[in-house]
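For reference, the structure is listed below as structure tokens.
The values are calculated or read from the model by the stated rules, or taken from the named source; none is laboratory data. These numbers come from a predicted model, not from an experiment. Every residue, glycine among them, receives a Cβ derived from its backbone with ideal geometry; neighbour counts consider all protein chains shown.
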Amino acid sequence: MISQETDTEQLILEAAKKVFFKKGYDGARMQEIANEAGINKALLHYYFRSKDKLFEAIFFNAFQQFIPSVVENLNADISFERKIEIFVENYINMLINFPQLPSFVLTEVNRNPERIAEMFGKIGIIPSVILQGIQKEVDKGNISAVEPKQILANIVALCVFPFAARPLLQIVLTENDTAKYNVFLEERKKEVSRFIINSIKI
């Protein structure tokens with residue numbers, strides 16, 4: 001019974017992900033999600049009582065593997081350079097698994113930035129903690145005296161842009177060859193880390 005419930009819940013999450021990513025929060029309808037999952041609306045409401053609850057579940061589902069690695073990485077007794085490499089690799093892996101996530105988040109940010117900021121807090125993404133960690137490295141003299149907010153913004157932008165702009169970049173960079181663009185995305189893991197690390201060296 002537990003296995004069946006888990007399977008149904010996962011089926012709903014996959015269906016909701018498709019609908020939310022395609023139509024955004026405002027455009028998504030619970031009936032459409034139920035239809036996509038192949039279940040009735042009553043069963044959908046049994047698992048997720050509202051569109052808000054389902055929206056939160058999609059966020060958590062997308063970030064659930066990334067968040068623990070970020071927390072563990074921040075507390076690990078390793079060099080700051082290695083922390084950057086791990087952060088970038090895990091972040092890009094998440095985006096590879098959820099390639100439509102950046103466009104979805106950007107759309108929702110423009111619609112309701114306060115809501116998205118609240119969602120990030122709920123799933124454990126606390127920018128202030130990351131920024132404090134960067135500032136400590138600056139204070140110790142381990143990296144150049146750069147503004148932590150700029151470092152974090154650079155990392156996020158360099159990771160996200162190839163996914164958010166994929167339709168155009170895939171044409172421009174790889175003549176619309178999906179396989180070659182996927183290789184390019186894998187190469188980003190090392191390239192972004194190298195770029196950031198070189199930019200903060202003393």
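Select, from VAL172, VAL192, the only residue that is among the β-branched types (Val, Ile, Thr) and surrounded by fewer than 17 Cβ atoms within 10 Å (Cβ to Cβ). Don't jump to the end; show me each part of the working.
Details: VAL192 fails: surrounded by fewer than 17 Cβ atoms within 10 Å (Cβ to Cβ).
Result of the check over VAL172, VAL192: VAL172.
Taken over segment 110-131, the criterion of being in contact (Cβ under 8 Å) with a residue 12 or more places away in the chain, in a helix (DSSP H, G or I) and within 19 Å of ASN75 (Cβ to Cβ) is satisfied by PRO127, VAL129, ILE130, LEU131.
Considering only segment 161-183, state which residues are within 18 Å of PHE87 (Cα to Cα) and of a type in the set (Phe, Trp, Tyr).
Answer for segment 161-183, where residues must be within 18 Å of PHE87 (Cα to Cα) and of a type in the set (Phe, Trp, Tyr): PHE161, PHE163.
When the helices (runs of 4 or more DSSP H) confined to segment 1-109 are screened for residues that are of a type in the set (A, V, I, L, M) and closer than 19 Å to MET119 by Cβ, those reaching at least 1 such residues are found at 2-27, 30-37, 51-63, 66-75, 80-97.
Conditions (1) at pLDDT 85 or above; (2) of a type in the set (S, T, N, Q); (3) buried (at least 19 other Cβ atoms within 10 Å of the Cβ), marked per residue:
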site	(1), (2), (3)
PHE63	no, no, yes
PHE66	no, no, yes
SER69	no, yes, no
GLU72	no, no, no
PHE80	yes, no, no
ILE96	yes, no, no
THR107	yes, yes, no
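Residues of segment 135-151 that are in a helix (DSSP H, G or I) and in contact (Cβ under 8 Å) with a residue 24 or more places away in the chain: GLU137, ILE151.
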